[in-house]
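Beneath this line is the structure, given in structure tokens, with notes to follow.
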Amino acid sequence: MGCGTCSGCAGVSEPVLAVEGLRVRFGGVEAVRGASLAVRAGETHCLVGESGCGKSVSARAVMGLLAPNAVRSVGAMRFEGADIAGLNDRAMGKLRGDRIGMIFQEPMTSLNPAYTVGSQMTEVYRRHRGGQQRAAVDRAASLLARVGMANPGLRLGQFPHQLSGGLRQRVMIAMALMCEPRLLIADEPTTALDVTVQAGILRLLAGLQAEMGLALLLITHDLGVVARVAHRVSVMYAGQVVESAPAAELFAAPTHPYTRGLLASVPVPGKVRRDEKLGSIPGTVPRIGPGFVGCGFRDRCAHAMAVCAEAVPLRQAGAGHDYLCQLT
Amino acid sequence: MTRKVAAALGLLIVGFTLVVALFGPSVVRADPFAQDLMNRLKPPAFMGGTDAHWLGTDQLGRDYLARLVYGARISLLIGAAAALTSGVIGITLGLLGGFFGGRVDDAVMFAITCRLSIPLILVALAVVSAVGASLTIVVTTLGLLLWDRFAVVARTTTMQVRTLDYVAAAEAAGAGLFHVLFREVLPNIAPHLVVVATLEVALAILLEAVLSFLGLGVPAPLPSWGLMIAEGKDYMFFDPWVIMVPGLALFTLVLGINLVGDGLRDLFGVRRRV
Amino acid sequence: MWRFLLRRAVLAVLVCGTVLVLSFSLTRVAGDPALAVAGPQASAADIQAIRVAYGLDRPLPTQFFDWVGKAARGDLGRSYLFREPVANLVRDRLPVTLTLGLVGLAFALVIALPLGIVAALNEGRPLDRVVTLVALLGQALPSFWLGLMLIILFGLRLQWLPIAGVEDWTGFILPGLVLSFSAIPALLRLTRSGMIDAMASDYIRTARAGGLSRASIVCKHAARNAAMPVVAIAAVQLGFMLGGSIVIETVFNLPGVGYLAWESVSKNDFPVVQAVVLLLALIYIGLTLGADMLNALLDPRLRA
């Protein structure tokens, strides 16, 4: 789960992002309860879970973009080895857009309608790098070309409403990469896009990662996306990371009951027989209040035991493969 | 929390003014019209005047408190009557425009634009001046001029409600136009209109005060608060309280009505329209 | 966009026409203007003479088109009271009223915009409540009473500012301030809600994720989007303020169009009243058209 405590990261370099024991609370709801993860350079780490499990909140907690009424506490949060948990908003702001980039789910509304694409991109660049407008524009144009846009010069002078959703998402990606960040956090980048456009965006992200050695934290609820791009997967449920493993291993040998239920409910062409019922997990995601102890999945789990109401131990199912469950 | 306190305060103010308007003249037995030139501009009893006139007298020796109390009647009466008149006009226009759309709506929007273009106070003054000042004229003039906000809100809410299922159901069941408008649409847009009504009452009261202040509103010797301020203007450097008191009364009443309006807006969950 | 503006311009012309008719009818609503001019003591012959002299004996439509025709050429008739061309009277006084209106708008913007932004950034907290309270109080304050109170304060106690007339620019300060109070509540509320919506938007989240400074986020990105409806309202408020100048000018004794209008109304000087109603309406129509154009300029989405 987090480096230093888990079993499988031996012999590799320091992760770009390491989070241990993240907790986030909004008023009376515990959105994240002790989540830990790590993302390495050149690695795509997918954080997957259904709505409300706390994955987006976790990403925003890392960036320091939570709502004012949110309370965040964390055991450790390190970026490129340095502690970022204690940074105030201004210090964090220096990292955001520069060393850490983030793109969001809704490309239609995530760009300011009052300013041109070019001005928004160059503003981020000049905020962190200074310099002349000319240099910033050149960089923006080259990045737009890199993310696959034809005629970057034209696009730079256009306003967001003149671009389609897919194009806007490419602009968002380019904007996030203006300062060559080490880490890119993508919060459901393809969810709001057409299926045909999704594939293109995912391919783009994979290509950029290979080229720039990016550490990519990709948040999604779509297992198809995970299967396509993930090197490592963390499954989240009710505010906790219930299973974490290399992608291939997770699909081959899911251990946590929730993960198994999740994978069983996805129809795989060729594997599912016509007369077989599609798996589903009964019940709904619970709302966790303060003082909740034990496994959040126990009300929906077929294997629930009395001991599940107590603190759940972290177990290992293999090299680099951890899960949070009483079952062995 | 403060919202509820504010609304309660507003209700208190309006309620108090209502009580004063209804029962005040019987309690304060002095005649607001009786002049006593020997006792002009006496200060209030607690500032050195006589007990006979608790709030002192005005420049013609008339009891100030009696005039103030009577003025409450005038303000509330005009406010309510003008708002009622303008409400009928505005809501009808808004309903028709919002419901039928097309040319009818174009006509309604045109009427609203024309109404907004004309300088309100000047036109009201001109009408009163031409026809003659009286309570009825003031109410009619304000009623004929203040319908725009009613129309705008009625129109917008009708347009929103128009496409909802229960309207279509009523129409499919063969309901007549009047039935649909008054039994289906109107009850559902009523909360918004009530909020507008309170604001219009406040506006009507303020405008009547302005007209009376400028000498072309409620005719003397009726003790409209605006008129009292105008009459006291010549003496204000010697006795500021002569204009302070009716002004404060006006301010408090309008504030109270606005607070009630805001409270109603919160109660009905109406989103604020500027 | 140009088609939209053209439509608005045509509509404006139609509204103008309607206002012309209304303004013309206004002065004839109580009957024969000649009677009012002549006074109660006049004989029938006198009244008839006046009628002929002012062309009031012609059929109404003729009078109307004659007036419109002349007005289009700048001839707004002659004032009964001053025996001067109305156009001259208005021309002499218009600068004062326009200055007053602009000063009032300036005060309103300078006060309402920053307060609205501050309230939005502190939403729900004490500062926000105080600002909202101020807006509430401002809405209930009768402008003429406020004017008088300030005159007492500055005329009697503190002798800082002139309280009547306009010998120099300081004479516009108090009246402008009082005038601004009528526009401040609406501008304040709109700025506040606009900023709250803008700050909660997705593009502000993107700006924060890009590490932009707070100043840039608030003043450049959020304010720009919140400004658009405010601009439209500001133009409309200016129109209302010019209409309301009648009260302020009488209270502060300013020789403007409003004061002229009031004098003319109380003395039944119809040509002047007609002309001023028309003038104020035209200014209002012009302002709203200008606001539409400004909006189209500010919002790129409207330009396509």
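The values are calculated or read from the model by the stated rules, or taken from the named source; none is laboratory data. Just so it is clear, the model here is predicted, and its values are computed rather than measured. So basically every Cβ, Gly included, is an ideal-geometry build from the backbone, and we count neighbours across all protein chains shown.
Cβ contacts < 9 Å: first residue in contact (Cβ under 8 Å) with a residue 40 or more places away in the chain and more than 14 Å from chain B (Cβ to nearest Cβ), restricted to region C:171-190; second residue part of a helix (DSSP H, G or I) and among the charged types (D, E, K, R), any location; separation 6+ or different chain. Result?
C:Pro175/C:Glu249
Got a number for residues in region A:98-108 being in a loop (DSSP other than H, G, I, E, B) and modelled with pLDDT of 90 or more?
3
Can you report the number of residues in region B:69-114 which are of a type in the set (A, V, I, L, M) and within 14 Å of another protein chain (Cβ to nearest Cβ)?
Within region B:69-114, residues that are of a type in the set (A, V, I, L, M) and within 14 Å of another protein chain (Cβ to nearest Cβ) number 5.
Being aliphatic (A, V, I, L, M) and within 8 Å of chain B (Cβ to nearest Cβ) narrows it down to one residue among C:Val257, C:Val230, C:Val273, C:Val251; which is it?
When all the criteria are applied, what remains is C:Val273.
Taking C:Phe181 as meeting all but one of (1) under 30 Å from A:Phe104 (Cβ atoms); (2) crowded, with 18+ Cβ neighbours inside 10 Å, write down the number of the exception.
(1)
In region A:137-153, which residue that is at negative phi and in contact (Cβ under 8 Å) with a residue 40 or more places away in the chain is nearest to the other protein chains (Cβ to nearest Cβ)?
A:Val147
Have a look at B:Val195, B:Val185, B:Val201, B:Val210 and point out the one that is farther than 21 Å from B:Val153 by Cα and either in contact with a strand residue (DSSP E or B) (Cβ under 7 Å, 6 or more places away or on another chain) or crowded, with 22+ Cβ neighbours inside 10 Å (or both).
B:Val210
For region C:208-220, check the following and say yes or no: at least one residue is in contact (Cβ under 8 Å) with a residue 12 or more places away in the chain and surrounded by 22 or more Cβ atoms within 10 Å (Cβ to Cβ).
Among the residues of region C:208-220, not one is in contact (Cβ under 8 Å) with a residue 12 or more places away in the chain and surrounded by 22 or more Cβ atoms within 10 Å (Cβ to Cβ), which makes the answer no.
So how many residues does region B:81-106 have that are surrounded by fewer than 23 Cβ atoms within 10 Å (Cβ to Cβ), out of contact with any Leu (no Cβ under 9 Å at 6 or more places or on another chain) and either at negative phi or modelled with pLDDT of 90 or more (or both)?
Summing the residues that are surrounded by fewer than 23 Cβ atoms within 10 Å (Cβ to Cβ), out of contact with any Leu (no Cβ under 9 Å at 6 or more places or on another chain) and either at negative phi or modelled with pLDDT of 90 or more (or both) in region B:81-106 gives 6.
For region B:21-52, name all the residues that are over 11 Å from B:Ala66 (Cα atoms) and in a helix (DSSP H, G or I).
Within region B:21-52, B:Leu22, B:Phe23, B:Leu37, B:Met38, B:Asn39, B:Ala45, B:Phe46, B:Met47 meet the criteria.
Can you pull out every residue in region B:226-243 that is outside any loop (DSSP other than H, G, I, E, B) and within 20 Å of B:Gly61 (Cβ to Cβ)?
Result: B:Leu227, B:Met228, B:Ile229, B:Ala230, B:Glu231, B:Gly232, B:Lys233, B:Asp234, B:Tyr235, B:Trp241, B:Val242, B:Ile243.
Being surrounded by 16 or more Cβ atoms within 10 Å (Cβ to Cβ), within 9 Å of chain C (Cβ to nearest Cβ) and not in a strand (DSSP E or B) is true for just one of A:Leu87, A:Leu65. Which residue is that?
The unique qualifying residue is A:Leu65.
Evaluate the following for B:Pro223: is it outside any helix (DSSP H, G or I), in contact with a Pro (Cβ under 7 Å, 6 or more places away or on another chain) and either more than 10 Å from chain C (Cβ to nearest Cβ) or crowded, with 24+ Cβ neighbours inside 10 Å (or both)?
yes
Is it the case that A:Glu50 is out of contact with any His (no Cβ under 8 Å at 6 or more places or on another chain), surrounded by fewer than 22 Cβ atoms within 10 Å (Cβ to Cβ) and either within 14 Å of chain C (Cβ to nearest Cβ) or in a loop (DSSP other than H, G, I, E, B) (or both)?
Spelling it out, it is not the case that A:Glu50 is out of contact with any His (no Cβ under 8 Å at 6 or more places or on another chain), surrounded by fewer than 22 Cβ atoms within 10 Å (Cβ to Cβ) and either within 14 Å of chain C (Cβ to nearest Cβ) or in a loop (DSSP other than H, G, I, E, B) (or both).
On the given criteria, is B:Gly56 within 14 Å of chain C (Cβ to nearest Cβ), buried (at least 17 other Cβ atoms within 10 Å of the Cβ) and within 25 Å of B:Ser212 (Cα to Cα)?
So B:Gly56 fails the test.
Could you list, in sequence order, all residues of region B:102-127 that are among the β-branched types (Val, Ile, Thr), under 19 Å from C:Leu280 (Cα atoms) and part of a helix (DSSP H, G or I)?
The answer is B:Ile112, B:Thr113, B:Ile121, B:Val123, B:Val127.
What pairs can you find where one residue is in region B:129-158 and within 20 Å of C:Glu263 (Cα to Cα) and within 13 Å of chain C (Cβ to nearest Cβ), the other is in a helix (DSSP H, G or I) and not hydrophobic (A, V, I, L, M, F, W, C), and their Cβ atoms are less than 7 Å apart, with a gap of 6+ or different chains?
Taking only residues 6 or more apart or on different chains, the pairs are B:Ser129/C:Ser266.
Just checking, does region A:72-83 include any residue being in contact (Cβ under 8 Å) with a residue 12 or more places away in the chain and part of a helix (DSSP H, G or I)?
For region A:72-83, residues in contact (Cβ under 8 Å) with a residue 12 or more places away in the chain and part of a helix (DSSP H, G or I): absent.
Mind checking which residues of region C:210-264 are of a type in the set (S, T, N, Q) and more than 23 Å from the chain's Cα centre (by Cα)?
C:Ser213, C:Ser216, C:Asn225
Looking at (1) in contact with a helix residue (DSSP H, G or I) (Cβ under 8 Å, 6 or more places away or on another chain); (2) more than 13 Å from chain C (Cβ to nearest Cβ), find the lone condition where A:Arg182 falls short.
In the conditions (1) in contact with a helix residue (DSSP H, G or I) (Cβ under 8 Å, 6 or more places away or on another chain); (2) more than 13 Å from chain C (Cβ to nearest Cβ), A:Arg182 misses (1) alone.
Which residues, taken from region B:133-161, are buried (at least 17 other Cβ atoms within 10 Å of the Cβ) and of a type outside the set (A, V, I, L, M, F, W, C)?
Once the filter is applied, which keeps residues that are buried (at least 17 other Cβ atoms within 10 Å of the Cβ) and of a type outside the set (A, V, I, L, M, F, W, C), region B:133-161 yields B:Thr140, B:Thr141, B:Gly143, B:Asp148, B:Arg149, B:Arg155, B:Thr157, B:Thr158.
With the condition being out of contact with any His (no Cβ under 7 Å at 6 or more places or on another chain), in contact (Cβ under 8 Å) with a residue 60 or more places away in the chain and within 14 Å of another protein chain (Cβ to nearest Cβ), I'd like the helices (runs of 4 or more DSSP H) fully within region C:11-124 carrying at least 2 qualifying residues.
Qualifying helices (runs of 4 or more DSSP H): C:33-38, C:86-121.
Out of all the residues in region B:1-20, which are under 15 Å from B:Gly71 (Cβ atoms) and crowded, with 19+ Cβ neighbours inside 10 Å?
B:Thr17, B:Val20
Restricting the search to region A:71-84, which residues are surrounded by fewer than 17 Cβ atoms within 10 Å (Cβ to Cβ) and at negative phi?
A:Val71, A:Ser73, A:Gly75, A:Ala76, A:Ala82, A:Asp83
Of all residues in region A:226-239 being more than 12 Å from the chain's Cα centre (by Cα) and surrounded by 24 or more Cβ atoms within 10 Å (Cβ to Cβ), which is farthest from A:Arg23 (Cα to Cα)?
Across region A:226-239, the extreme among qualifying residues is A:Tyr237.
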